[in-house]
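The values are calculated or read from the model by the stated rules, or taken from the named source; none is laboratory data. Treat the numbers as computed from the prediction; the structure is a model and nothing was measured. Please note: Cβ atoms are built from the backbone with ideal geometry, for glycine as well, and neighbour counts cover all protein chains shown.
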């Protein structure tokens, strides 16, 4: 491709009519949905994780554990694009706030995965730790709060970050329900300039940079938390 | 810092390299041979636009445009293979993935920069779909409203460029936009006359349609999009003229549109 042609395409994709503003707005929608979903997902996921590991005195699963299992099964067993569309076109058909619907839908989706992450994190803490806590005279609840959870937190942080990264990228499907997120904006500009390459690469670079920054920040946090580890 | 510069340079080179491949001359599909020996014309459409194109009961695109392009290709001694794709990506796929596009596509200046068009075969105007009992009636009523459109259509262009203060929501399908109109998420939908009429019938009592002429929308002309500088334009035009002369065209209009 000639250089002038490339410049023309870049100009059309980003500069004409201040189109770069559209990408920023799209990124705003993407971030709103992702952050809302992440917060909701962690809340739902934590609750579901504790529901799932709850046992009765005779060692069998509680009703709550069964409910959590069904929730996780259904969410993991259906495509998220379908979940968003069901939420938008069927369940919450009367709501006008698309961002809220998408955030809610992705939050419920993410909650199932977060639940499994947290459950795995808790189970990874050695049983001896619980036993030691109980021997020292702490109650079950106290052992959980002051011995198991602080250790589990370090276990779950990396997979949680990973889940957020997946979530951020997965929001690219909200264009299906009329939201103008980053991916959709790139598509809109492509359909106007008839050049798909430049806007799509542009959007890809923006996603990449955002996620790179996130990873760096969370790397630092993780290292900070490991400072007390003697290894 | 040096690393960053090196990384950026690498990225730019990669992009440039990819671009070079992307713009290379991909052979057109026009000369590929069908099993029967007749060359195959690969035609793109977006089968979400009744009565011009829709997915028929057999899962293949059907409708006026599909029947028309088959008749045109027959006159040219070719078979047709339909490709159903997003409307917004049709124009950029012409010349690479498809040989032509017929999709109720209006001739516009922007599209003419990228493709050539055959002679027009249908005159259309954009219609405005509003909820039943809406007070929208004149051009000024359209300002500062939330407008639903199908991505990349002329309705999209009108909403984006000719209406002040419009909050434009883009959908993959016109039906999704009308669905959101009924759910109260958009105030109006701008779409071509014929599909608007189909929606009015389907959602009677829930939506009303208004002729775009009332809002000063210009009439548009549908045509078949072909690669820029293609010699097919003349052949297609000749076939179209023949079909109009021998009554086939009117028969198709009667069958699909009226």
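Values computed for the structure shown
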| item | result |
| --- | --- |
| Set B:132, B:166, B:177: member being surrounded by fewer than 16 Cβ atoms within 10 Å (Cβ to Cβ) and in contact with a strand residue (DSSP E or B) (Cβ under 9 Å, 6 or more places away or on another chain) | B:132 |
| Selection status of residue B:131, farther than 27 Å from residue B:85 by Cβ and within 14 Å of another protein chain (Cβ to nearest Cβ) | yes |
| Matching residues, the range B:234-248, being under 20 Å from the mean Cα position of the chain (by Cα) and over 18 Å from residue B:93 (Cβ atoms) | B:237, B:240 |
| All helices (runs of 4 or more DSSP H) inside the range B:129-220 with 1 or more residues being over 21 Å from residue A:96 (Cα atoms) | B:154-161, B:193-202 |
| Flag for residue A:133 being on the phi > 0 side of the Ramachandran plot, away from chain B (no Cβ under 14 Å) and either out of contact with any strand residue (DSSP E or B) (no Cβ under 9 Å at 6 or more places or on another chain) or surrounded by fewer than 19 Cβ atoms within 10 Å (Cβ to Cβ) (or both) | no |
| Subset of the range B:181-202 [surrounded by fewer than 23 Cβ atoms within 10 Å (Cβ to Cβ) and at the interface with chain A (Cβ under 10 Å from one of its Cβ atoms)] | B:182, B:183, B:184, B:185 |
| The range B:157-175, subset closer than 19 Å to residue B:52 by Cα and touching a residue at least 24 places away in the same chain (Cβ under 8 Å), residue nearest to the other protein chains (Cβ to nearest Cβ) | B:172 |
| So residue A:163, is it more than 14 Å from chain B (Cβ to nearest Cβ) and closer than 30 Å to residue A:22 by Cα | yes |
| Filter pass, residue B:231 being out of contact with any strand residue (DSSP E or B) (no Cβ under 9 Å at 6 or more places or on another chain) and either at pLDDT 95 or above or not assigned by TED's automatic domain parsing to the domain that holds residue B:46 (or both) | no |
| Filter result for residue A:180 (within 11 Å of chain B (Cβ to nearest Cβ) and within 20 Å of the chain's Cα centre (by Cα)) | yes |
